[in-house]
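Data block below; observations after.
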Amino acid sequence: MPNLLADLLATRDWLLTDGATGTNLMGMGLSHGYPPELWNVEHPDKIRQHYRSFIEAGSDIVLTNTFGGTSCRLKLHKAEHRVAEINRASTVLLVEEIRRSGRAIVAAGSIGPTGELFQPLGEMSHVQGVAAFAEQMQGLKDGGADVAWIETMFSEPEIAAAVEAAAKVGLPAVVTLSFDTSGRTMMGLSPADFVKLTRAMPERLVAFGGNCGTGAPDLLCGLISISGMLTQGEVVVAKANCGLPEFVNDQVCYNGTPELMAGYAVMARDAGARIIGGCCGTTPHHVAIMRKALEQTPKGRCPTIEDVIARIGPLTGSARTLVEGGAPVKRVGRRRAT
């Protein structure tokens, strides 16, 4: 099947994704708790503006505004019957903005968790999960998505259902997990576990890695912990949150500076990531500075955990078990951004 992402990876050392969707749309007026996916049809001008801002910042990959686009999530807002409409609309808007840019940019169909627990812990069966994901992915494909970007996952059964759905619909797949509990996902998967899981999948992923979680230092720590495991041809994604969340005037803000995210981007590349970007709190300005840093900074050695702490900031308590062997990491220095 055609695969623009794989084609770009064959000619580029690294690719830059976009940043946050939800937090940036909130800055454009999205109310807390209101489903951003409905804006694809209610405020298409604002969604176009959102996409365009990251395209102009230099993103090579832009995600659709469809993270909660399965019927499982949309039913919370009485929109479960609008899956095809909402996902297709979001992708069409992105594809049109990409076409106007004149650049080769990947339209990545964002697919988040269903919000349901899969059997045996919950009631969602594998067949039901595949059907829910496939319905969303078909809408994304009909709108022109190049790839199924399956993100912020945490359980093996849900990953398996999403990847099977992508193959069923005919979209190449990328999968990223959120490692935020003792260096693991909520269901206990470590970065090393995930590498092994991807190799055992019947369908080969275009790329895999981490997003969101507890901040750039922790994501880098997880990336470093698997750097020695990676083989030629395996493409890793690093898409960290922009610093840590803080409450400012009753709003959640992220404290990561452009300089911090630039340092993180360079370290992620040096640690082996070939697809790099930001998650929660990451603005187009952050992405533009990240691109400049990646273009102007020569590739260096793989950083150590101590390098990360010294340059990007301290690890959270939960991330101290990310290093291979589970040994805790000693904190060195004070947090600073360069």
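The values are calculated or read from the model by the stated rules, or taken from the named source; none is laboratory data. These numbers come from a predicted model, not from an experiment. Counting neighbours? That spans all protein chains shown, and the Cβs are built from the backbone with ideal geometry, glycine included.
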Single condition Asp142 does not satisfy, out of (1) outside any loop (DSSP other than H, G, I, E, B); (2) without any contact (Cβ under 8 Å) to a residue 24 or more places away in the chain: (2)
How many of the residues in the range 192-218 are out of contact with any helix residue (DSSP H, G or I) (no Cβ under 7 Å at 6 or more places or on another chain) and not in a loop (DSSP other than H, G, I, E, B)? 10
Return only the number of the condition from (1) surrounded by fewer than 17 Cβ atoms within 10 Å (Cβ to Cβ); (2) of a type outside the set (Ser, Thr, Tyr); (3) part of a helix (DSSP H, G or I) that His32 does not satisfy. (3)
Can you name the residue in the range 160-213 that is out of contact with any strand residue (DSSP E or B) (no Cβ under 9 Å at 6 or more places or on another chain) and hydroxyl-bearing (Ser, Thr, Tyr) and is also nearest to Ser110 (Cα to Cα) among such residues? Thr181
Of the numbered conditions (1) without any contact (Cβ under 8 Å) to a residue 60 or more places away in the chain; (2) of a type in the set (D, E, K, R); (3) within 28 Å of Leu223 (Cβ to Cβ), Asp180 satisfies every one except a single condition; which is it? (1)
Assuming Phe247 fulfils every condition listed in (1) of a type in the set (Phe, Trp, Tyr); (2) farther than 22 Å from Ala57 by Cβ; (3) under 18 Å from the mean Cα position of the chain (by Cα) apart from one, which condition is it? (3)
Of the residues Gly188, Gly215, which single one is farther than 23 Å from Leu94 by Cβ and crowded, with 24+ Cβ neighbours inside 10 Å? Gly215
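Does Arg73 satisfy the criteria of being under 27 Å from Leu244 (Cβ atoms), of a type in the set (D, E, K, R) and touching a residue at least 12 places away in the same chain (Cβ under 8 Å)?
Taking the combined requirement at face value, the residue satisfies it.
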Answer yes if at least one residue in the range 182-200 is on the phi > 0 side of the Ramachandran plot, of a type outside the set (S, T, N, Q), at pLDDT below 95 and in contact with a Ser or Thr (Cβ under 9 Å, 6 or more places away or on another chain), and no otherwise. yes
Scan the range 227-266 for residues that are farther than 24 Å from Ser110 by Cα, assigned to a strand (DSSP E or B) and at pLDDT 85 or above and jot them down. none
Considering only the range 158-177, I want to know if a residue exists there that is within 17 Å of Ala84 (Cα to Cα), small (Gly, Ala, Ser) and surrounded by fewer than 21 Cβ atoms within 10 Å (Cβ to Cβ). yes
When the range 202-228 is examined, which residues are found to be among the charged types (D, E, K, R) and over 15 Å from Ala162 (Cα atoms)? Asp218
Where Leu25 falls short, out of the listed (1) outside any loop (DSSP other than H, G, I, E, B); (2) touching a strand residue (DSSP E or B) at 6+ places or on another chain (Cβ under 7 Å): (2)
Evaluate the following for Gly139: is it within 23 Å of Leu205 (Cα to Cα), surrounded by 22 or more Cβ atoms within 10 Å (Cβ to Cβ) and over 17 Å from the mean Cα position of the chain (by Cα)? yes
Have a look at Val62, Val106 and point out the one that is of a type in the set (Val, Ile, Thr) and within 22 Å of Glu42 (Cβ to Cβ). Val62
Where residues in the range 194-212 are free of Cβ contacts under 8 Å to residues at least 60 places away in the same chain and within 17 Å of the chain's Cα centre (by Cα), which of them is surrounded by the most Cβ atoms within 10 Å (Cβ to Cβ)? Gly210
Take the residues in the range 84-98 that are surrounded by 20 or more Cβ atoms within 10 Å (Cβ to Cβ) and within 7 Å of Gly139 (Cα to Cα); name whichever of them is nearest to the chain's Cα centre (by Cα). Asn87
